[in-house]
Every structure is written in structure tokens, then in C-alpha cells.
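K.L.:
Got a structure for you, written out below as C-alpha cells; questions coming shortly.
The values are calculated or read from the model by the stated rules, or taken from the named source; none is laboratory data. Please read these numbers as outputs of a predicted model, since none were measured by experiment. Cβ placement follows ideal geometry from the backbone for every residue including glycine, while neighbour counts extend to all protein chains displayed.
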Amino acid sequence: MERIQSAIEKARKSRAANSHPRVTSKAEPAQVDTPMSRAAARQPDGRKDIWKDVTLFEPRETVLRSHRILAFEPGPDAVPYDMIRTKLLHQMRANKWSRVAITSPTSGSGKTMTCANVAFSIARQTDMFVMLVELDMRRPALAKALGLKDDCQFSRALLGEDEPEKHLRRYGSNLIFAANQNAERHPAELLQGVTAAEVLDELEKKYRPDIMIFDTAPLLANDDTIAFIDQVDCALLIAEAERSTIHELDKCEQDLSARTNVLGVMLNKCRYLSSHEDYGRDYGYL
Ligand SMILES: Nc1ncnc2c1ncn2[C@@H]1O[C@H](COP(=O)(O)OP(=O)(O)OP(=O)(O)O)[C@@H](O)[C@H]1O
Ligand SMILES: [Mg+2]
């Protein structure tokens, strides 16, 4: 545990030292932050109408729970994700970032589950518009975790073969999923292709989400995530308790921080919590 703590400390120092602007498919005009632009941002902006056109999907609570997706409603189980949400949004707002990748050194660390929980947690703030985009094309798992059975294959939109809307599903008024039912054969090539970058930029321009969360492949398994990482503003690294090694975390943190802004390392599947880490569990829920 101490070694993971020191990796987290190292990541924090490297974050303080570096800043990586995201690569976009086209140059964007610089946004000037003035009181007037902030007031304009608070006006109703028509996003609700645009989001309403996306096909609605209502996941079953039992399916979500069985995949440990719990943050769709407030309560003790949502607290850890609400805390990540708040820290994430704070850092992203402060830096005017909108795209975050969630990744891990090896497979099975809990990326998909964390992405879904954080997305649901943010979407409980009804003024926030969230897109969760699945980019782990070798082992797509988001549709299954949500119980989504429609013929969704967002990779086809990224290849420019289909309109993105065909593969998008909306939960409530402010959360959109872009998921895949099947694996894709050449994910790294797809993800670093110009078409995929343009499709994502167009999607962001049309729907204007406050945050795009990207569920990615494990960093050490292949080059899929590194191929894409310069298209996000920042990344969150997930460490799996009792499995991720200090060497793996160190390597991933170095690779990520050379290309993007590393928000931090999140320790998942931790069986042993100290009392102060669990103190919110019984605090103030009706
Ligand atoms: N905090 C946790 N406690 C217990 N089990 C967990 C936790 N987080 C994830 N899991 C379980 O671990 C398994 C892997 O989770 P998940 O699919 O989210 O990982 P992943 O990193 O996305 O995997 P992959 O690399 O294959 O995409 C799932 O069965 C999930 O339910
Ligand atoms: Mg996954």
C-alpha cells in the first residue's frame, strides 16, 4: 500500500510540473473567460432539445446493481463515486477541460465500472450533460454492464460508416452512452485515424457535453489507449488493489504524463478501508 501511495505522490508532482493541451482535428478559437461569457453560459442553451432526439434507453436497476453500477441514485453506495465526481469536475472546470480518459495498467481493474458509476453520479446533477464513450474496442463491456441489447456499435460511427446517432443511447435527459456490442479488429488504427478524431470533435460540437468520459483499454495490453490519449484533456489511472504493481503504475504514469494531464491514481477493489475512509457510509441518508 505504501508503494502505491508513493506512486500517487509521484503522479501528483508530475501533474504539477506538466500541462498538455489536447490535440483537436481542427484549430478551435480560444475562449475568453469574462463575466459576460459566464452569464451567457448560464442561459438555457438549447442542449436539452438536441439531447432529446437521441434514442432513450432505460436500464433495469437489477442489471445495473448486478454489475456494481450503483451511483444512479444517491446513497451510501454512491458516495465513493460522488467524491470522485466532485474532485474530477473541480479539476476539470478549473482547467476548462472536458474530456477525460479512464484507464489502468492491466485488464479487469474496474475501468468500465468506474466510468459508468462516475457518469451516473455526474448525471444526477441535472444541469450537467455527460457522454460516456466506450473506446475499449477489444473487450467491449459497457453494453452488457448496462443491459443494453440494441444493435449499438459506436466503432462504426468512428469509422465514418454510420451516423453516430444510430449508436447513441440516452439515459434521462443528460447522459448519453456510446457503446459497442462487438469487438473491433484494428482498434489502434481506428483510434488514431483522422476520421475518428473528426467524428468525436463533431459530436462534441453538436451535443456540447460538459464532460466526455472515455472508457479505454488497459495501457500495458496494447497501444490502443496511447494511440488515442492525446485527444483527451486528462486521464485518471485506476490501480487494482493487491494486483497492480508499483512498476506497472510507474510505467503507466510516465507514459500518460508524457502525453496528457494525469489527474491521479484511484485505488479500486480495496478490501481494507481505514475507519475515516468509510465514515460517510451511514451519514445522513433518508
Ligand atoms: N470495487 C470493486 N469491487 C469489487 N469488484 C469490482 C470492483 N470494481 C470492479 N469490480 C469487478 O471487476 C470486474 C472487472 O471490472 P471492469 O469490467 O469494470 O474492469 P475493466 O478494467 O473495465 O476490465 P477490462 O480491462 O477487461 O475492460 C467486474 O466483474 C467488476 O464487477
Ligand atoms: Mg472495461
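K.L.:
In the range 86-98, which residues are closer than 25 Å to Pro74 by Cβ and either under 14 Å from the mean Cα position of the chain (by Cα) or in contact (Cβ under 8 Å) with a residue 40 or more places away in the chain (or both)?
P.N.:
Thr86, Lys87, Leu88, Leu89, Gln91, Met92, Ser98
K.L.:
Related question: Show the residue pairs meeting these rules: Cβ distance below 8 Å; 6+ apart or different chains; first residue within the range 122-145 and among the β-branched types (Val, Ile, Thr); second residue within 11 Å of ligand 2 (Cβ to nearest atom).
P.N.:
Val133/Asp215
K.L.:
Just give me the residues in the range 197-252 being outside any helix (DSSP H, G or I), within 16 Å of ligand 2 (Cβ to nearest atom) and among the hydrophobic types (A, V, I, L, M, F, W, C), in sequence order. Talk me through it step by step, then tell me what you get.
P.N.:
Quick first cut of the range 197-252, residues outside any helix (DSSP H, G or I) only: 208-223, 232-245.
Checking the rest, the ones that are also within 16 Å of ligand 2 (Cβ to nearest atom) come to 213-222, 235-240, 243-244.
Result: Ile213, Phe214, Ala217, Leu219, Leu220, Ala221, Ala235, Leu236, Leu237, Ile238, Ala239.
K.L.:
Tally time: how many residues in the range 99-116 are over 10 Å from the mean Cα position of the chain (by Cα) and more than 10 Å from ligand 2 (Cβ to nearest atom)?
P.N.:
2
K.L.:
Please work out if Arg156 is assigned to a helix (DSSP H, G or I) and without any contact (Cβ under 8 Å) to a residue 12 or more places away in the chain. Steps first, answer last, please.
P.N.:
On the way: assigned to a helix (DSSP H, G or I): yes; without any contact (Cβ under 8 Å) to a residue 12 or more places away in the chain: yes.
The answer is yes for Arg156.
K.L.:
Count, please, the residues in the range 128-165 that happen to be more than 16 Å from ligand 1 (Cβ to nearest atom) and on the phi < 0 side of the Ramachandran plot. I'd like the intermediate steps shown before the answer.
P.N.:
Applying the first criterion (more than 16 Å from ligand 1 (Cβ to nearest atom)) to the range 128-165 yields 128-131, 149-153, 156-165.
Next, only the ones that are on the phi < 0 side of the Ramachandran plot stay: 128-131, 149-153, 156-159, 161-165.
Counting residues in the range 128-165 that are more than 16 Å from ligand 1 (Cβ to nearest atom) and on the phi < 0 side of the Ramachandran plot gives 18.
K.L.:
For Glu134, all conditions in the list (1) more than 12 Å from ligand 2 (Cβ to nearest atom); (2) in contact with a Cys (Cβ under 9 Å, 6 or more places away or on another chain) hold save one; what is the number of the exception?
P.N.:
(1)
K.L.:
Same structure again: I'd like to check something: does the range 88-98 contain any residue that is within 13 Å of ligand 2 (Cβ to nearest atom) and not acidic (Asp, Glu)?
P.N.:
At the first step, the residues of the range 88-98 found to be within 13 Å of ligand 2 (Cβ to nearest atom) are none.
No.
K.L.:
Pull up the range 60-85, narrow it to residues that are in contact (Cβ under 8 Å) with a residue 60 or more places away in the chain and within 16 Å of ligand 2 (Cβ to nearest atom), then point me to the one that is surrounded by the most Cβ atoms within 10 Å (Cβ to Cβ).
P.N.:
Taking the candidates together, the pick is Ile69.
K.L.:
If I filter the range 99-108 for residues that are at pLDDT 95 or above, charged (D, E, K, R), more than 25 Å from Glu240 (Cα to Cα) and more than 16 Å from ligand 1 (Cβ to nearest atom), do I get at least one hit? It would help to see each step written out before you state the result.
P.N.:
Keep residues of the range 99-108 that are at pLDDT 95 or above, which gives 99-108.
Still in the running and charged (D, E, K, R): 99.
Narrowing the set further to residues that are more than 25 Å from Glu240 (Cα to Cα) leaves none.
No, because not a single residue in the range 99-108 is at pLDDT 95 or above, charged (D, E, K, R), more than 25 Å from Glu240 (Cα to Cα) and more than 16 Å from ligand 1 (Cβ to nearest atom).
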